[in-house]
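Once you've had a glance at the structure underneath, I'll fire off some questions.
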């Protein structure tokens with residue numbers, strides 16, 4: 001069995017066939033799906049999904065790309081909603097220097113405030129880091145994020161950074177790029193990270209693994225990610241699936 005630790009079933013991409021997508025995931029051996037809501041619309045959809053589907057859990061927060069839109073009321077709302085027993089994390093938060101919608105200083109402020117929020121409500125933090133590794137790690141240190149722990153989602157940094165954040169009580173999560181022919185870095189990370197600190201995800205509908213690259217991703221495809229990591233590490237699929245599932249259960253403490 002597998003747990004997809006990061007999926008956006010709250011995206012418009014699934015409006016026409018959500019039930020079928022969830023059924024395909026179950027048929028592929030995905031026992032739990034963690035849906036991430038990162039703005040007002042997707043948070044509302046996440047709350048609905050976790051009430052409607054027994055095997056769907058939620059993470060809620062504010063995405064760094066849209067940090068400029070985040071208000072005090074939004075953060076208070078997220079904190080209140082986080083009391084729901086099926087909300088298992090805060091995020092995705094962090095920094096994104098690839099897009100320039102939100103100024104860096106605003107991103108940093110909203111990031112810091114969500115770390116503090118996660119520590120208050122005693123939930124792990126799901127980190128989005130794109131082209132911002134040095135600042136991201138610095139803030140995690142300054143804000144004592146190890147007290148909450150969490151996930152470096154869709155990890156794309158180097159081995160040294162992986163070691164550093166693992167030392168701060170974070171897990172490393174890998175998705176579709178580990179299956180891409182010319183993507184060596186995620187393959188190196190898949191082998192380097194200790195098995196007890198590794199998670200798998202899809203980030204669906206994005207980052208679709210080979211051989212479906214270019215098409216809409218879905219949680220059933222997390223099996224392709226797990227199979228590739230098992231191959232790279234030289235372990236059986238069953239060993240990899242069991243370890244990553246146990247890691248997700250330890251982190252999220254599903255109710």
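The values are calculated or read from the model by the stated rules, or taken from the named source; none is laboratory data. Just so we're clear, the structure is a prediction, and the values are computed from it rather than from any experiment. Cβ sites come from the backbone with ideal geometry, for glycine too, and all protein chains shown count toward neighbours.
Quick one: is residue 100 at pLDDT 95 or above and either within 17 Å of the chain's Cα centre (by Cα) or surrounded by fewer than 21 Cβ atoms within 10 Å (Cβ to Cβ) (or both)?
no
Please go through the range 148-159 and give me each residue that is within 17 Å of residue 61 (Cβ to Cβ) and touching a helix residue (DSSP H, G or I) at 6+ places or on another chain (Cβ under 9 Å), ordered by number.
Passing the criteria: 148, 149, 150, 151, 152, 154.
Another one. Name every residue in the range 9-53 that is assigned to a loop (DSSP other than H, G, I, E, B), touching a helix residue (DSSP H, G or I) at 6+ places or on another chain (Cβ under 7 Å) and surrounded by 16 or more Cβ atoms within 10 Å (Cβ to Cβ), in order of residue number.
Result: 9, 10, 28, 39, 53.
For the range 123-147, which positions are more than 15 Å from residue 104 (Cα to Cα), surrounded by fewer than 24 Cβ atoms within 10 Å (Cβ to Cβ), in contact with a helix residue (DSSP H, G or I) (Cβ under 7 Å, 6 or more places away or on another chain) and without any contact (Cβ under 8 Å) to a residue 40 or more places away in the chain?
143, 147 - these are the residues of the range 123-147 that are more than 15 Å from residue 104 (Cα to Cα), surrounded by fewer than 24 Cβ atoms within 10 Å (Cβ to Cβ), in contact with a helix residue (DSSP H, G or I) (Cβ under 7 Å, 6 or more places away or on another chain) and without any contact (Cβ under 8 Å) to a residue 40 or more places away in the chain.
Yes or no, residue by residue, for (1) over 29 Å from residue 18 (Cα atoms); (2) buried (at least 22 other Cβ atoms within 10 Å of the Cβ); (3) under 17 Å from the mean Cα position of the chain (by Cα):
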position: 57; (1), (2), (3): no, yes, yes
position: 67; (1), (2), (3): no, yes, no
position: 77; (1), (2), (3): no, no, no
position: 120; (1), (2), (3): yes, no, no
position: 153; (1), (2), (3): no, yes, yes
position: 162; (1), (2), (3): yes, no, yes
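Just give me the residues in the range 54-75 being free of Cβ contacts under 8 Å to residues at least 60 places away in the same chain, over 15 Å from residue 10 (Cβ atoms) and part of a helix (DSSP H, G or I), in sequence order.
65, 67, 68, 69, 72, 73, 74, 75
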